[in-house]
Amino acid sequence: MRQRVPTVVAVASGGATLLGYFVGPGFRVHLLFVRWAAALAAAAFVLGVVNLLVVHGRRIVSQERDWPYSTALLFSFVVVIAVAAAEHQGPSGAGVTWVFRFVLAPLEAATASLLAVFLVSAAFRAMRKRPSLPTSVFVGTIILVLLAALPLPGEVAQVAGDVRCWLVHVFSAAGARGMLLGVALGTIAAGIRVLVGIDQPHSERDL
């Protein structure tokens with residue numbers, strides 16, 4: 001009985017929410033479920049923030065390993081929250097926008113550049129240890145993209161730029177769309193399995 005009640009509630013709620021998008025405007029039960037889900041998500045977000053503060057505060061007090069990183073995290077958190085509260089404009093305020101533009105964006109760019117360096121290093125190591133056709137294509141693509149980003153002279157720069165644009169807009173875009181389609185299909189399959197009761201993450205079966 002303990003396992004059946006959560007399953008029945010989950011199937012009924014999911015079925016009613018899904019049915020609400022195909023039935024006329026007279027069926028509004030799904031809107032209530034969506035509001036409940038939004039309220040639960042907000043509560044989970046608040047609990048996550050509280051847990052973050054407690055965990056890192058405890059690490060700072062006991063001076064565990066890498067506690068300076070916890071100090072930087074909590075300091076950044078307090079500063080951004082204080083700026084947003086002082087402006088009374090939320091994320092669209094001038095101060096928060098400045099933090100995102102001149103602090104967060106440069107950090108993300110630096111992290112992305114380090115990721116590119118690590119990818120190139122890993123590709124060349126793979127070529128030396130176990131060369132293969134996919135690895136060769138990967139390394140060749142990296143070299144072409146990096147060469148296109150250099151200030152090359154005249155027609156060479158134009159050709160390299162055209163090749164780079166072709167690689168980005170054809171191969172990269174196709175790969176990204178394929179990944180998005182795979183994620184979407186996987187999400188649909190997981191939702192259907194929960195709706196029909198095959199998967200029961202809400203029950204105590206696996207506990």
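Restricting to the stretch 150-198, name every residue that is on the phi < 0 side of the Ramachandran plot and not in a helix (DSSP H, G or I). Within the stretch 150-198, LEU150, PRO151, LEU152, PRO153, VAL196, ILE198 qualify.
Between ARG59, ARG35, the distinction of being basic (Lys, Arg), outside any loop (DSSP other than H, G, I, E, B) and closer than 28 Å to GLY197 by Cβ belongs to ARG35 only. For the stretch 80-112, a residue qualifies if it is under 18 Å from the mean Cα position of the chain (by Cα) and polar (S, T, N, Q), and exactly one does: THR111.
Matching residues to (1) within 22 Å of the chain's Cα centre (by Cα); (2) among the aliphatic types (A, V, I, L, M); (3) farther than 21 Å from GLY191 by Cβ; (4) surrounded by 10 or more Cβ atoms within 10 Å (Cβ to Cβ):
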position: GLY14; (1), (2), (3), (4): no, no, no, yes
position: VAL29; (1), (2), (3), (4): no, yes, no, yes
position: ARG35; (1), (2), (3), (4): no, no, no, yes
position: LEU53; (1), (2), (3), (4): yes, yes, yes, yes
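Here PRO106 does not qualify as surrounded by 10 or more Cβ atoms within 10 Å (Cβ to Cβ) and either in contact with a His (Cβ under 9 Å, 6 or more places away or on another chain) or not in a helix (DSSP H, G or I) (or both). Only residues that are of a type in the set (Phe, Trp, Tyr) and loosely packed, with under 11 Cβ neighbours inside 10 Å were counted in the stretch 109-137, giving 1.
Taking residues in the stretch 60-77 that are among the aromatic types (Phe, Trp, Tyr), and partners anywhere that are assigned to a helix (DSSP H, G or I), the pairs with Cβ atoms closer than 6 Å and at least 6 places apart or on different chains are TRP67/ARG59; TRP67/ILE60.
FYI, it's all coordinate maths here, none of it is from the lab. Computed from a predicted model, the values in this text were never measured in an experiment. As a convention, Cβ positions derive from the backbone with ideal geometry for all residues, glycine included, and neighbour counts pool all protein chains shown.
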